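All remarks here apply to the structure that follows.
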Amino acid sequence: MNKDSNASVKGVASNLAEQLRANIQTYAIVVAMIAIWVFFSAMTEGRYVKPQNFSNLFRQMTVTSFLAIGMVPVIVTGNIDLSVGKLAGFVSVVVAYFQARIWTQVLPDQGLLTTVISVLIGLTTGTLIGMLQGYVIAYLRVPSFIVTLGGMWILNGAILLVTEGKTIPANQPALSVIAQGYLPNYVGWIIATIVVVLLFYNMFGSRRKKHQYGFELAPFYLDLLKTVIFAGLVAGYVYVVNLYNGIQIPVLLLAIAVVAMSYISNNTRFGRYAYAIGGNREAARLSGVNIRNNIFWVFTLMGFLCGVGGVALASYVGYGTIAAGAGYELDAIGSCILGGTSTLGGEGTIFGAIIGSLIMTSLTTGLQILNIQAAWQYLVKGIVLVLAVFADVYFKKRR
Amino acid sequence: MMNDNIATDGDIILDIKNVTKQFPGVTALSDVSIRIQRGKIHGICGENGAGKSTLMKILSGVYPWGDYEGTIIYEGEELRLENRSIRQAIEEGIAIVYQELTLVPSMTVGENVFLGKEPVEGAGINWDKLYADTQQLLTAYNLDIQPQAAIKHLGVGKMQMTEIAKALAENARVLILDEPTSALTEAETEKLMEILRTLKEHGVTCIYITHKIEEFFGIADSITVLRDGKVITTQPTENLNREKLVNYMVGREMTERFPKGKREPGEVILQVENLHAVDPEKSGREVVKGVTFDLHKGEILGIAGLMGSGRTELVMTIFGEYGRITKGAVTLAGQEIEVKSSHDAMLEGISLVPEDRKTHGLVLMQSVLKNISLPNLDQFASWLRIDDLAELDASLEFAQSLDIKAPSLHVPCDSLSGGNQQKVVISKWLMSKPKVLIMDDPTRGIDVGAKYEIYKLMNDLAEQGIAIIMISSELEEVLGMSDRVMVMHEGRSAGMLNIADATQEKIMALATGIANNHSGSAA
């Protein structure tokens, strides 16, 4: 075989420019997000980026963000889940129900223990319902749109049954801490330090391993620059939120979920298969991918994340209501699409969905600070979504 | 080239002059000239890939004017079809009845015939007129269908009649039929011939494309033979017979297009005995009707046959991804195996390079790396983690040994040429270290140079002891690469030929059903 061509393939195996080009869409929406922040800061004379507002902005995005990161694999495999808002809502009223109606009778004065059990019940409920929907979609071959539309109505009924039309309080201190708590400043700095150390450890580890395999390494300063930028972002974030109350516990939970989901989608067979199924179902099937099994687990994972979102929702609003979670499914889907997930399947990243969610929340809070009425918030959100996808279609055609 | 002196004086409706059509790396049509006489039935034949379909796509506007070289004179004027304007071709009076029918199954015959040109009365459709007009049209051309019948309840033959009626409703002057009998029964074919004669009486010109050459006799006025994108001859049907046509179709020269391997087939690795399988969607339809053969280590077994002969269905069934086996057995290395999915097949050591790399072989939007590793992730992954560097290392090894030309392994597959895409598909199936490698039309749509590289690779693999089954639509390829050739016809093995005895004529005769040799497998 030809030595020269060998060298050329090997040389660019980890080409940075190539990767930059591949991720151009992600960078574009990060830039869009920063532009939105700059715009609102200018309009509000800097109030928009004050630590308190900045901290609240991130806290407000958490519930739909849990749903959005679960939605990415769902859409990537060519499916859709319309039930996630109501499933999160159902989980939130179940948690509230146990907190307010059961434990006060069965296990009074056991705040921490009962909250832990409530949370576990919430997570299990979400996961089981996700499994059930996944089973019907994957193995009984009913289209996901229909299964989850039905699921949405069923869960809406279930919410009404559990609440009996009333509001159930869920403001017990141990529960509230999940979505309303903050970490002391020094804990924030400890976490930041650990993350930065891990970033550098990862960078050196990956370089060493690439060297062992004999791959050409990217220039050291580039890798270093990338790591330093990430480390700087983490430290900067902790610094700003520490100026207010400290790291928000729900944001920390979300960050863990994002890292875990990114890892699953990029570094496991499960994730790879999901993208292959969405990219070309026939090719995936002939490559030995068990499509049904994969889609079943995609919906199970979605259910689990609805469980997490539901627990956060109960804690965040402090009660379970009949309207819990209404409309969240569309926010979650919108975030994914804004973040570059293709409705045709095969493409989409967890990181993109999070940025999409952040843009949505940034717009809403910005308009709220400017005292613009709710009607306009919807209008702006709708226009931004359609414009973003139009821009993507336009530039893809031009490329 | 033979000189054709017919049709120089007659009334020419369509004059195709020196048409050349090139695709990246392939010349699909080369200097093709055909004159079609008004009111006659003109047959066009050739092997798969001879350029018949490309020619028809040019006539119907799928490849517009300017996309090819040469001129087409239609009714005395140059035909200039605009980009993708199939509509325009129909308005000009040129209509195609495609191999795959293009009707709306949920609608009635009448609705389909007048789709897009429904008679209107006020704001609504005048249904009475629509059905009356349909009935009139059907009666005039002796088409035996009910205007109110729903398409989905009709057989293929009647659907085709509807297609023809639809074209006639557009006042088609030239009707092109592309392999019209490929899905028809004998009785339906007979009926179609009658319809074509009726059309001729009405002055409609027909271009009739098929590779079932026996159909020409008794219907076509003249016949053009295409091979490798060139017109080999155009002659009146009465000057021709079956043998002459077959000779024209396959040609005689065998050049040095195929590298010679020096392999020695070893013991039997795969045995297929009396395999019967049905369509998984319609269990009444048997697609593999009793096939027996054996395959040796280090051997290339060619499977020849026309489209629809059950070649692909047979190998997909062995690979566990198509037919449901109703009878028979598959034995690998002396042990009967039960393959329920492609995953099972790979675990047993059977790999399959699918027929259509774009729809079945690759995830086009994904990188070369991800495509190569997709079926092989088990090699690098625990349930928790894919070792991405091991994956890259192994994929790179295959990319280099197959000499895939790509700027890097991270570029998406849709940016590669056909030949390199095919190498990616082969890499992905070689990485699982198969004992039996099935290749379904491995060189379709790639240029001559890339073909040669694939052939060399196949020889190398066979020398390493891998048993290869190669399906091919090109007879020269089958003869040039195989150690033995199995010819399929209508779901059955029509015969097994040793390469020394095999000729294009013998294969063609078996494949078209003219000859039959059920003597079973020669070794």
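Laboratory data are not the source of any read-out in this text; all were calculated from the coordinates shown. Since we're looking at a predicted model, the values are computed, not measured. Positions of Cβ are backbone-derived with ideal geometry, glycine not excepted, and every protein chain shown enters the neighbour counts.
Using only Cα atoms and rounding to the nearest 10 degrees, what angle (0 to 90) does helix B:156-169 make with the longest principal axis of chain B? The two axes meet at around 40 degrees. Remark: B:293, B:217, A:395 ranked as A:395, B:217, B:293, counting other beta-carbon atoms within 10 Å and listing the fewest first.
Across the stretch A:132-275, the fraction of Cα-Cα pairs farther apart than 24 Å, rounded to a whole number, is 61%.
For B:364, B:409, A:301, which order do you get if you count the other beta carbons within 10 Å of each Cβ and list the fewest first?
On the way: B:364 19, B:409 26, A:301 22.
Fewest-to-most ranking of B:364, B:409, A:301: B:364, A:301, B:409.
Only beta bridges with both residues in chain B are counted; by DSSP, about 60 percent of them are antiparallel. Model label points for residue B:273 and residue B:128, set 7 angstrom from Cα along the Cα-to-Cβ axis, are 7.0 nm apart.
Write down, largest first, the equivalent ellipsoid semi-axes of chain B in whole Å, where each equals the square root of 5 times an eigenvalue of the alpha-carbon gyration tensor. Working shown, then result.
Values: eigenvalues 360, 137, 124 Å².
Square roots of five times the eigenvalues give 42, 26, 25 Å.
Among the residues of B:339-352, the average count of other protein chain beta-carbon atoms within 10 Å of the residue beta-carbon is 2. Highest mobility in the GNM of chain A, judged by mean-square fluctuation with C-alpha springs under 10 Å and restricted to A:315, A:206, A:55, is found for A:206. Computed 3J(HN,Hα) for the stretch B:208-213, one whole-Hz value per residue from the Karplus formula 6.51 cos²θ - 1.76 cosθ + 1.60 where θ = phi - 60°, is 10, 10, 7, 9, 8, 5, glycine and proline marked x.
Just need the Rg to Rh number for the stretch B:313-401, please, alpha carbons only, Kirkwood Rh. Before the final figure, lay out the partial values.
Details: Rg = 15.4 Å, Rh = 15.0 Å.
My calculation of the ratio gives 1.03.
Model label points for residue A:293 and residue A:391, set 7 angstrom from Cα along the Cα-to-Cβ axis, are 4.2 nm apart.
Let's test the formula: R0 of 25 Å, r as the Cβ-Cβ distance of residue A:132 and residue A:259. What FRET efficiency results, to the nearest 0.05?
Numbers: r = 28 Å, r/R0 = 1.12.
Efficiency, from the Cβ-Cβ distance: 0.35.
Placing a label point 7 Å from the Cα of residue A:198 along the Cα-to-Cβ line, the residues of the stretch A:210-238 whose backbone N sits under 14 Å from it are A:231, A:234-235.
Over all alpha-carbon pairs in the stretch A:42-162, figure out the percentage whose distance exceeds 22 Å. The partial results should precede the final answer.
Working: 3643 of 7260 pairs.
Beyond 22 Å sits 50 percent of the P(r) for the stretch A:42-162.
Angle of helix B:418-430 to the longest C-alpha principal axis of chain B, folded into 0 to 90 degrees and rounded to 10: 40°. Summarising the overall dimensions of the protein assembly as shown from its C-alpha atoms, the Rg and Dmax are 33.0, 107 angstrom.
Scan chain A and note any complete DSSP helix (H) whose C-alpha atoms cover at least 30 Å along its axis and whose Kyte-Doolittle average is 0.0 or more. List each step's numbers first, then the result.
On the way: long enough: A:111-138 (40 Å, 1.64); A:185-213 (42 Å, 0.33); A:220-244 (37 Å, 1.44); A:291-317 (38 Å, 1.36); A:374-398 (36 Å, 0.90).
Both cut-offs are met by A:111-138, A:185-213, A:220-244, A:291-317, A:374-398.
Under 10 Å, Cα contacts only: if you run a Gaussian network model on chain A, which one of A:375, A:138, A:274 comes out with the highest mean-square fluctuation? Fluctuation is largest for A:375.
When the square roots of the Cα gyration tensor eigenvalues are ordered a ≥ b ≥ c, the ratio a/c for the stretch B:255-382 is under 1.5, which makes its shape rounded. PRE reach from residue A:141 (point 7 Å along Cα→Cβ): which of the stretch B:276-311 fall under 20 Å by backbone N? Only B:277-288 pass the distance filter. Short to long, the 20 Å bins of the Cα pair-distance histogram for chain A hold 25, 57, 18, 1 percent of all pairs. Between the stretch B:271-308 and the stretch B:331-349, the C-alpha centres lie 15 angstrom from each other. Full extension of the segment from residue B:388 to residue B:194, taken as 0.36 nm per residue of separation minus the current Cα-Cα distance, would add 63.5 nm.
Averaged over peptide B:426-433, the number of partner chain Cβ atoms lying within 10 Å of each residue's Cβ comes to 1. Diagonalising the gyration tensor over the Cα atoms of the stretch A:182-247 and scaling each eigenvalue by 5 before taking the square root yields semi-axes of 31, 11, 5 Å, largest first. Lys-Lys pairs in chain A that are eight or more residues apart or on separate chains and whose Cα atoms lie under 20 Å of each other come to 5.
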